[in-house]
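The next block holds one structure in the form of structure tokens; read it before the comments.
Just so it is clear, none of the values below were taken in a lab; they were calculated from the coordinates. Being a predicted model, the structure only gives us computed values, none of them experimental. Cβ coordinates were reconstructed from backbone atoms using ideal geometry, including for glycine residues, and neighbour counts include every protein chain displayed.
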Amino acid sequence: MASPLERIPVNTIDGRPSSLGAYSGKVRLVVNVASRCGLTPQYTALEALYRKYKDQGLEVLAFPANEFGAQEPGTDAEIQSFCSTSYDVTFPLFSKIVVKGEGQHPLYGALTSAKPEARALPGSDFRARLVGYGIDPGAPHEILWNFEKFLVDRNGEVVDRFSPDVPPDADLLVAAIERALAQT
């Protein structure tokens, strides 16, 4: 039986209805992404992570969003083309959604409710960095910026959350993925 999180409807980047339940039984790394962000090069490490662990059951699920500095202004077709040509992305991309604030997609409401705080690298405080740039990061449970990551286990439960500045190849994140993949 699908978890409540897995039943929330989303659309693939080419407009087909889907959900996290389409990847049931797999470990899912859900990431809000943007094409014009200082963190956009994380696409390279996300793709490497996907290729390394996909045969063990990892899916990287990318959700473009434009809430942070309007860094994802493109259409779904433009985003798909950018990801393919600039970063050779082969993991699933979804239709652009709202991840924070008014109009927040139910998927991100469920993710942030399930895991209200993101883990960070030791000594890093991305929230404080945003404040230093004059950006209001919002409430502690809200998505801070592009490339925040949620780890969803094989049963559809959110087991971890990582700050946007935690790169996909960080030991902290890789260890969490390997633990989730080891569980059956």
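List of remarks:
- Segment SER113-GLU78, length gained on full extension (0.36 nm per residue, minus Cα span): 9.5 nm
- Percentage relative contact order, the chain, counting C-alpha pairs under 8 Å, at least six apart: 29
- Cα centroid separation, region 131-184 to region 1-45: 13 Å.
- All Cα-Cα distances of the chain, cut into 10 Å bins from zero to the largest, leave 10, 41, 40, 10, 0 percent in each bin in turn.
- Shape category assigned to region 112-184 from the gyration tensor of Cα positions, a/c cut at 1.5: oblate
- For the chain, the longest piece that avoids every one of the GluC sites (Glu not before Pro) found in DSSP loops with at most 13 other C-beta atoms within 10 Å covers 1-101.
- Neighbour-count ranking [beta-carbon atoms within 10 angstrom, fewest first] of LEU61, LEU121: LEU121, LEU61
- Segment ASN155-ARG179, extension gain: residue separation times 0.36 nm, minus the distance between their alpha carbons: 7.3 nm
- Pairwise label distance in nanometres, ALA128 with ARG16, each label 7 Å out on the Cα-Cβ vector: 4.6
- The mean of 1/r over all pairs of different alpha-carbon atoms in region 12-84, once inverted, gives a Kirkwood hydrodynamic radius of 13.2 Å.
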